[in-house]
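In what follows, a single structure is set out as structure tokens and then discussed.
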Amino acid sequence: MKKNLLFGFVVLLTSFQYTLAQDRKAPSYPLITHNTYFSVWSNSDKLAESTTTHWTGAEQSLIGIINVDGTDYRFLGKEPEQYKTILAASDEKPYAVKYTETKPDGDWTSAQYADAEWKEGMSPIGDAHGDKLKWRSRDIWIRRVFNITQTDDINKLLLKTSWDDDIEVYLNGEKVFTRVGVSKGYEMIPIDKSKLKIGENIIAMHVVNTGGGSRADVGLVDKEKPTITKELEVADQKNVTINATQTIYSFKVGKIDLDVTFTSPLILSDLNLLSRPVSYITYKVKANDKKTHAVKVFFSASTDLAVNQPKQAVTASKYSTAGLSILKAGTDEQPILQKNGDDVRIDWGYVYVAAPKATAVSQFITGAKEAVLAFRKGASTTTVTKGNSLALNTVIPFGKVGAVAVSKFIEIGYDDIYSMQYFKTNLRPWWNNSGKETIEGQLAKAATEYGSVLQKCAALNQSLYADALKSGGKAYADLCVLAYRQSIAAHILVKSPQGEILWFSKENFSGGFVNTVDVTYPSAPLYLIYNPKLMQGMLNGIFYFSESGKFVHNFAAHDLGSYPHANGQTYGEGMPVEESGNMTILTAAICRAQGSPAYAKLHWKTLTTWVDYLVKEGFDPANQLCTDDFAGHLARNANLSVKAIVGIGCYAQLADALGEKATAAKYRAIAKDMVGRWQKLAGDKDHYTLTFENPGTWSQKYNLVWDKVLDLNLFPQSVYDTETKYYLSKQNEYGLPLDSRKTYTKSDWILWTATFAPTRKEFDELVKPVYKFALETPSRVPLSDWHETTNGKQTGFQARSVVGGYYMKMLYDKLNPGK
């Protein structure tokens, strides 16, 4: 990116670019990233190769076309596929099914099967709010009978299905689809239309819920033929660059060079800017042949950004303020804070597309199918304002463009009205906590501050990358860049009725829980570095839950509910050692980062209760879950024991900082005694075991890292030396497995494990396979933190906040300068 007056502060790209223009930079590219609801991504290396999506995989289409001297070139997105319903799924209307939660005998998939003993129910099917058929068991078998009158007019038959977690589907007794792992929204699976019969047909499916939320839905659609006969030219993408706050694309479009920059100004040190739900899209054009050319740019945003399902009715409007031209859209229903769960998108509030009047844009609203064709025909008249899947269209004129670059920007924003429910109180977003602000005011402020905001972004981009490069080298720095917006955009910032900051995470793609403590724990390093107040905001709600008497146990809660309802724990069981250890360690980390024990003092009674629980139950843990709950229950977990020991050591450190010397000495002695016993029970010649007294097993002891980061000096250096050497003998192509049970891994934990490696060489050897995974994984989704080390495929999880844990080495260096 070259410098110009409007964009002169964008960080130089030479430090970030690879040698080849089309190398992959990410499994998925962040475009608009503010919170778990306002989050749009491109899942292809070239911006024009795929339809943009929400992080869940649901289509949220953004389209960009540039017209140069009368020729149109598409550079952003693809028009979403259009489907005609053959058999409606639940997003359109409920349907009747027969079902059982007991494994059936015989050929339960055939039309002749006697299902009289099966139960009857109506979709939607699952455990979410609004589901009519509540399914909370492990397995469900479903039969759906329907009639077909003709098949000749079907262009391409697709199975439309959504499920959580595993599925097998049969059409008229023949298996047509099976998949292990949760769906990404509705997935469209091609089926041979000859498998349909004129008359009665039956779809049968078996869905398995292995944990977390559940859902089962199925329908049939016909993929319609494209409506545009003349194919659009596609701009020649030359490069894509990702930095902390921006994704920048460069194109050659005939005689014009085009740069498109998506900026989400997530500056963690500036809470007002962080919470402002407005992103910029900047277009910079210049001639590449020393001549002048007529240029205009078309941008179209689908109203699907404001719905949970595309079939929901919306209303769109066009209006203006003193300085802005604005398009607005939202659902007719406006069910504020009604839906909760994981694979859920916002369907309340309003999406906005705004542009400074000074840029002389024209804006209009059409149906999704008509948007591109309208622009290509030169139309700019609103043709519809009600319906579903409408298009908010903006044309940005550049006039005659020569060798001097010209930049213009538009804004895309979202007003969610209320962001969270906190113990039955609806909370407004941070930027409008008073209820007196307006989204128009935020859009206007964003436009006025455009230049200064970009300067802040450029400064952060540069300093963050430089610090990461110094801490861990290029591969590490690039991973940190990929993690930055993803982690932040899995949160929402609000203020509690008690006036406390609340920085709520959503456990994306793994249950949809609010403020899960063992998701906060791995994400912590990013926030401890850039704003420990946000780290407090992740703990405040959990402390309140216990201290208010709402959570009556002598250990810490797992979560605060199902997003966006933070009304109390909804996870099925506790993780008492896990969460009590996490809360104690993170409190100590906050105090270390802030240079004061004040935060611990506020919650000392609660911390004491939790630490006494760790002293009693933490050293040799009973059969229970830990943060890696997908791996199942585990007794005598050596890594969980480390967490308890480190938590007790953290409490001792805090007691010392508070002047309670006797208490500090007592608990430090307890922790040190546990370390000696731990070494004996977990020792296995050249490594330490997965569980106590279980030779031949092993695991990553990533919880050890806090002993180093917080300078506790509990475990001897020989433990780190021994474990690191052993880990390096167990690596696969795409990383170090989590433990000896499986070959999958968690990349956040690898980065923690690498941080306590004795040498930089060993650190690099552990990090580089994770970097290789990020660049080579076939799973084109926002960065997964749970992947297979043998082939780089996503095992589960995506778009989660835990990748903030990649910043652990930077945190170590910040808290321990010179070591």
* **Accessible area of the stretch 21-155 belonging to carbon and sulfur atoms, whole % at 1.4 Å probe** => 43
* To do: Would you mind computing the Rg to Rh ratio of the chain from its alpha-carbon coordinates, Kirkwood style for Rh?
  => 0.97
* Hey, what did the stretch 283-329 get for relative contact order, percent, Cα under 8 Å, at least 6 apart? -> 23
* Semi-axis lengths, Å, the stretch 502-562, gyration tensor of Cα atoms, sqrt of 5 times eigenvalues -> 19, 15, 9
* Excluding residues fewer than 8 places away in the same chain, name every one of the aspartates and glutamates whose C-alpha is closer than 12 Å to that of Lys296. => Asp69, Asp72
* Structure fact -> Using the Kirkwood radius over Cα pairs of the stretch 347-423, the Stokes-Einstein translational diffusion coefficient at 10 °C and 1.306 mPa s, in µm²/s and rounded to a whole number, is 107
* Can you give the translational diffusion coefficient of the stretch 653-721 in µm²/s, computed by Stokes-Einstein from the Kirkwood radius over Cα pairs at 20 °C and 1.002 mPa s? -> 161
* Accessible area in square angstrom per residue, the stretch 76-165, 1.4 angstrom probe -> 52
* To do: Could you pull out the GluC sites (Glu not before Pro) across the stretch 694-792 that fall in loop regions by DSSP (anything but H, G, I, E, B) with no more than 13 other Cβ atoms inside 10 Å?
  => Glu733
* Asked: Which residues does a label at Ser110 reach in the stretch 167-199, if reach means a backbone N under 15 Å from a point 7 Å past the Cα toward the Cβ?
  -> 171-175
* With unit charges on the beta carbon (Lys/Arg positive, Asp/Glu negative), name the residue among Ser641, Trp786, Leu766 whose Cα is farthest towards the positive pole of the charge dipole of the chain. => Leu766
* Once you wrap a convex hull around the alpha carbon atoms of the stretch 295-414, what is its projected area averaged over all directions, in nm²? -> 8.6
* Could you state, as a whole-number percent, how many of the C-alpha pairs of the stretch 241-292 are farther apart than 16 Å? => 53
* Asked: How high is the relative contact order of the chain, in percent, counting Cα pairs under 8 Å that sit 6 or more residues apart?
  -> 11
* Asked: Which number comes out as Rg/Rh for the stretch 86-240 once both Rg and the Kirkwood Rh are worked out on C-alpha atoms?
  -> 1.04
* Asked: Which of the trypsin sites (Lys or Arg not before Pro) across the stretch 662-766 are loop residues per DSSP, with 11 or fewer other Cβ within 10 Å?
  -> Lys685
* Would you list Asp152, Asp628, Asp69 from the most to the least accessible area, probe 1.4 Å? -> Asp152, Asp69, Asp628
* When we measure straight from the Cα of Lys436, which lysines land under 21 angstrom away, once same-chain ones fewer than 8 places off are left out? -> Lys328, Lys445, Lys495
* Quarter of Cα convex hull surface for the stretch 487-620, i.e. mean projection, nm² -> 7.8
* To do: Could you please state how large a percent of the accessible area of the stretch 485-637 is carbon and sulfur, counting protein chains only and using a 1.4 Å probe?
  => 50
* Structure fact -> Note on the stretch 318-366: the mean projected area of its alpha-carbon convex hull, in nm², is 4.8
* Structure fact -> Descending accessible area (1.4 Å probe), largest on the left, turns Glu411, Glu617 into Glu617, Glu411
* Asked: Over the stretch 477-522, what per residue volume does the convex hull of the Cα atoms give, in whole Å³?
  -> 92
* Asked: Relative contact order, percent, of the stretch 666-819 when contacts are C-alpha pairs under 8 Å separated by at least 6 residues?
  -> 20
* Structure fact -> Simple spin-label estimate for Lys357/Asn288, 7 Å along Cα→Cβ, in nm, reads 3.7
* Cα extents of the stretch 196-337 along the three principal axes, largest first (Å) -> 67, 46, 37
* Structure fact -> Expressed as a percent, the portion of alpha-carbon pairs in the stretch 579-630 spaced more than 15 Å apart is 52
* To do: Could you go through the stretch 634-651 in sequence order and give the Karplus-derived ³J(HN,Hα) for each residue, using 6.51 cos²θ - 1.76 cosθ + 1.60 with θ = phi - 60°, rounded to whole Hz, and x for Gly and Pro?
  => 8, 8, 6, 5, 5, 6, 5, 4, 4, 4, 4, 4, 5, x, 5, x, 5, 4
* Asked: Of all the Cα-Cα pairs you can form in the stretch 387-518, what percent are over 22 Å apart?
  -> 62
* Asked: Within the set Lys666/Lys746; Lys156/Lys377; Lys93/Lys377; Lys339/Lys506; Lys25/Lys369, which residue pairs have Cα atoms separated by over 25 Å?
  -> Lys666/Lys746; Lys156/Lys377; Lys93/Lys377; Lys25/Lys369
* Length added when fully stretched, Lys175-Gln679, from 0.36 nm per residue minus Cα-Cα -> 176.2 nm
* Asked: Taking every pair of alpha-carbon atoms in the stretch 623-781, what share in percent sits in each 5 Å bin, from 0 to the bin with the longest distance?
  -> 2, 9, 17, 20, 19, 15, 9, 5, 3, 1, 0, 0
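The values are calculated or read from the model by the stated rules, or taken from the named source; none is laboratory data. As the structure is a computational prediction, the values presented were derived from the model and not from experiment. Here the Cβ is made from the backbone with ideal geometry for all residues, glycine too, and neighbour counts use every protein chain on show. Areas reflect the complete protein model, heavy atoms only, side chains present, ligands, DNA and RNA absent. Shrake-Rupley method; radii C 1.70, N 1.55, O 1.52, S 1.80 Å.
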